[in-house]
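Q: Let me begin by handing over the structure; questions about it come next.
The values are calculated or read from the model by the stated rules, or taken from the named source; none is laboratory data. Bear in mind the structure is a predicted one, so any value in this text is a computation, not a measurement. Cβ placement follows ideal geometry from the backbone for every residue including glycine, while neighbour counts extend to all protein chains displayed. Protein only, heavy atoms only, side chains kept; ligands, DNA and RNA dropped before computing areas. Shrake-Rupley method; radii C 1.70, N 1.55, O 1.52, S 1.80 Å.
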Amino acid sequence: SSLLHEALQAAVRGGLPRLEEQCSSALGYLLIGQRHLEGALEHLDRAVELSKESGGRRALFVALSNRGLARALAGQAATARDDLRAAREAGRGTGGWYEALGLAYQAVAELLDKATTEAATTVGEALELLSELSHPDAIPLGEALSVLRDLTSGSLGREQARAWVRDWSGSAEVEGVVLGLDKALVT
């Protein structure tokens, strides 16, 4: 993250908004994983602003999705859901993996907002989309979504879900969903 921070500062000094947007977005995402949500939101706010000005649809989708995830984890689930709906609109046609990941984040936000019926529906959509993908993280994301689905349906107990979260190890792509499950299990 320190290299990204240096690159971000260089982009700001050099007046390179596209590079600043990419660095802000990546740094925000890393800070989510480190559970530094306030810093993540600061960088992702800037990434959203810059991607609206000079980024493409995929850049806007990624920035909005990550900000939505960060807001959900920070206890701002209703606002997070707004970001994630906007991300879905921005991301239409950007690719199956991004759409599936956006749906996964939306399901997390719905779960944290106590909208379990909506979360279950969104998980179903994400799992259906994942079944058509050959992305390397499709299977681990599917597993995380299955835990979320089973938790919301009551077919998986909270202790079993906690054990799954505790034992989880995997890629950064899936970490946001796991962080959301973890937060849901302690609130």
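Q: Give the calculated FRET efficiency between Glu38 and Glu143 to the nearest 0.05, with a Förster radius of 22 Å applied to their Cβ-Cβ distance. Spell out each step's value before the answer.
A: On the way: r = 30 Å, r/R0 = 1.36.
Efficiency, from the Cβ-Cβ distance: 0.15.
Q: A follow-up question, please. Once Lys and Arg get +1 and Asp and Glu get -1 on their Cβ, which of Ala47, Thr79, Leu112 lies farthest toward the positive end of the dipole of the stretch 19-114?
A: The residue sitting most towards the positive pole is Leu112.
Q: Using a basic spin-label model with each label point 7 Å from the Cα along Cα→Cβ, how many nm lie between Ser131 and Leu16?
A: With each label point 7 Å from Cα toward Cβ, the separation is 4.4 nm.
Q: Find how many whole Å separate the alpha carbon centroid of the stretch 94-167 from the alpha carbon centroid of the stretch 25-63.
A: Result: 22 Å between the Cα centres.
Q: Pick out which of Arg67, Arg81, Arg58 has the largest mean-square fluctuation in a Gaussian network model of the chain, springs linking Cα atoms closer than 10 Å.
A: Arg58
Q: Next question, about the same structure. Around Glu159, what is the net charge, scoring Lys/Arg as +1 and Asp/Glu as -1 over all other residues with Cβ under 14 Å from its Cβ? Show your work: numbers first, answer last.
A: Details: positive: Arg158, Arg162, Arg166; negative: Asp150, Asp167, Asp182.
Around Glu159, the charge tally is 0.
Q: Against the longest principal axis of the chain, how steep is helix 158-167, in degrees 0 to 90 to the nearest 10, with axes from Cα atoms?
A: Computed tilt is about 50 degrees.
Q: Using Cα-Cα distances under 8 Å and only pairs 6 or more residues apart, what relative contact order does the chain have, in percent? Walk me through the numbers before you get to the answer.
A: Numbers: 263 pairs, mean separation 28.5, N = 187.
Reported as a whole number, the value is 15 percent.
Q: Could I ask something else about it? Return the FRET efficiency for the residue pair Arg158, Arg85: r is the Cβ-Cβ distance, R0 is 22 Å, and the value is rounded to the nearest 0.05. The partial results should precede the final answer.
A: Details: r = 28 Å, r/R0 = 1.28.
Calculated value: 0.20.
Q: Among Glu159, Glu21, Glu89, whose mean-square fluctuation peaks in a Gaussian network model of the chain (Cα, cutoff 10 Å)?
A: Ranking Glu159, Glu21, Glu89 by mean-square fluctuation puts Glu159 first.
Q: Taking the Cα centre as origin and putting +1 on Lys and Arg beta-carbons and -1 on Asp and Glu beta-carbons, what dipole magnitude results for the chain, to the nearest 20 debye?
A: Working: 19 positive and 26 negative charges, 49 e Å.
Computed charge dipole of the chain: roughly 240 debye.
Q: Now, a different point. Mind listing the phi-derived Karplus ³J(HN,Hα) values for the stretch 139-152, rounded to whole Hz, using 6.51, -1.76 and 1.60 with θ = phi - 60°, and x for any glycine or proline?
A: Values, residue by residue: 5, x, 5, x, 5, 4, 5, 5, 5, 4, 4, 5, 5, 5 Hz.
Q: Now for a separate question. If you roll a 1.4 angstrom probe over the protein chains with everything in place, what fraction of the accessible area of the stretch 47-168 belongs to carbon and sulfur, to the nearest %?
A: It is 48 percent, rounded to a whole number.
Q: Read phi for every residue in the stretch 81-86 and hand back ³J(HN,Hα) as whole Hz from Karplus 6.51 cos²θ - 1.76 cosθ + 1.60, θ = phi - 60°, with x for Gly and Pro.
A: 5, 4, 4, 6, 5, 5
Q: Could you give the nm distance between label points at Leu3 and Ser171, where each point is 7 Å from its Cα heading toward the beta carbon?
A: Result for the modelled spin labels: 1.9 nm.
Q: For the stretch 17-27, take each phi angle, set θ = phi - 60°, evaluate the Karplus expression 6.51 cos²θ - 1.76 cosθ + 1.60, and give the result in whole Hz per residue in order, putting x for glycine and proline.
A: For the stretch 17-27, the Karplus-derived couplings read x, 5, 5, 4, 4, 5, 5, 4, 5, 5, 5 Hz, x marking Gly and Pro.
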